[in-house]
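I have placed the structure first, in the form of structure tokens, so that the comments after it can refer back to it.
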């Protein structure tokens, strides 16, 4: 069992910039995940000189360590959000996720990225009768206000979708997709480089220094490989723990890094995979400590979830892998004999209300806080932030969303174990 991401391990190698950092760039981007790479592509296409700075390997954090889903739909309940912020705003945010999936599809097609992109839909599975009743209560509003193609499916229909007796029904969202995250990352990076962007991996940003010259603000970007000047800086680092806290402290007080963990089985073979998940959708469950799963093109099962409220590390990943393997077998007892080839963890950049944040503060642009729904929104927001940096602030769907700091959160999330206990209790009682 490899303690590394299946997506990055099975992707082609990427060759980044092999030259020193420039003396100056129009745009410096902190983070070589989907947000940063998408922004680099869009900025380079408009003629800007772009430098991407990634502390580790390309897509080495959340972009390459997720479950492989490209799902539309909010990370929060639509009806509850509509009651809180109004139907017009909730509808606009829901449709932003539709647009995000479309953005991924468009980039894949325009840049010819071979990443097994497939729009097979997502089935959200009710783990208990009460969960299905809750899905059913919000179904009509969801269908009438934002997604006329959504379907409510009963337990019998679910058994036609997957070979498991655990679920009581669900909601089918047809616009959702999936892809090979590692191949997409390499394809996106190569596209950005073709258009002139320079991508420097293993280059940590240690400090940002704001400067003013002739009435115009710019930045001195200090990195582990040297320093350079940039007219604009975009922070696209997610929940990473790399880099200087002083420069990013305002952002980090508003983001909680939460571990999410994944195992991938040995190949099942075409016949066994077809019997398990014949429609090859993405699947998520309704528990607070939920699971998510899908098949790969080579017929492995990717099975993930929160498992433990802990930060990813080799030891933590291994513990979580054993928990996930047990959950996998509870869901699919017929796979008890199947080995696990990969096990890894990653950090979800969770905002307090599970909505993304993007904008500008004191001359520093940012987009993060995707809260577990980032593969599509990160690609979308990279392109959007390129527009924002070009002067179109109205393009940003999250521009007017307040973002208070999380009380008591100044660094490592000391409160995660208590949060985990709370959600486990909720799953037990509801």
Open item on the list: Here is a check on your reading of the model: is residue 421 at pLDDT below 95, out of contact with any helix residue (DSSP H, G or I) (no Cβ under 6 Å at 6 or more places or on another chain), at negative phi and surrounded by 16 or more Cβ atoms within 10 Å (Cβ to Cβ)?
Closed with: no
TODO: Could you list all residues from the stretch 90-111 that are free of Cβ contacts under 8 Å to residues at least 60 places away in the same chain and farther than 17 Å from residue 377 by Cα?
DONE: 109, 110
TODO: Considering only the stretch 3-29, state which residues are in contact (Cβ under 8 Å) with a residue 60 or more places away in the chain and either farther than 18 Å from residue 59 by Cα or more than 28 Å from the chain's Cα centre (by Cα) (or both).
DONE: 19, 20, 21, 22, 23, 24, 25, 26, 27
TODO: Name every residue in the stretch 265-286 that is within 27 Å of residue 77 (Cβ to Cβ) and surrounded by 20 or more Cβ atoms within 10 Å (Cβ to Cβ), in order of residue number.
DONE: 277, 281, 282, 283, 284, 285, 286
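Among the candidates 355, 318, 364, 347, single out the residue that is within 30 Å of residue 218 (Cα to Cα) and at pLDDT below 95. So that I can check it myself, show each step before the final result.
On the way: 355 fails: at pLDDT below 95; 318 fails: within 30 Å of residue 218 (Cα to Cα); 347 fails: within 30 Å of residue 218 (Cα to Cα).
Selected residue: 364, the only one of 355, 318, 364, 347 that is within 30 Å of residue 218 (Cα to Cα) and at pLDDT below 95.
The values are calculated or read from the model by the stated rules, or taken from the named source; none is laboratory data. These numbers come from a predicted model, not from an experiment. Methodologically, a virtual Cβ is constructed for each residue, glycine included, from the backbone with ideal geometry; neighbour enumeration extends over all protein chains shown.
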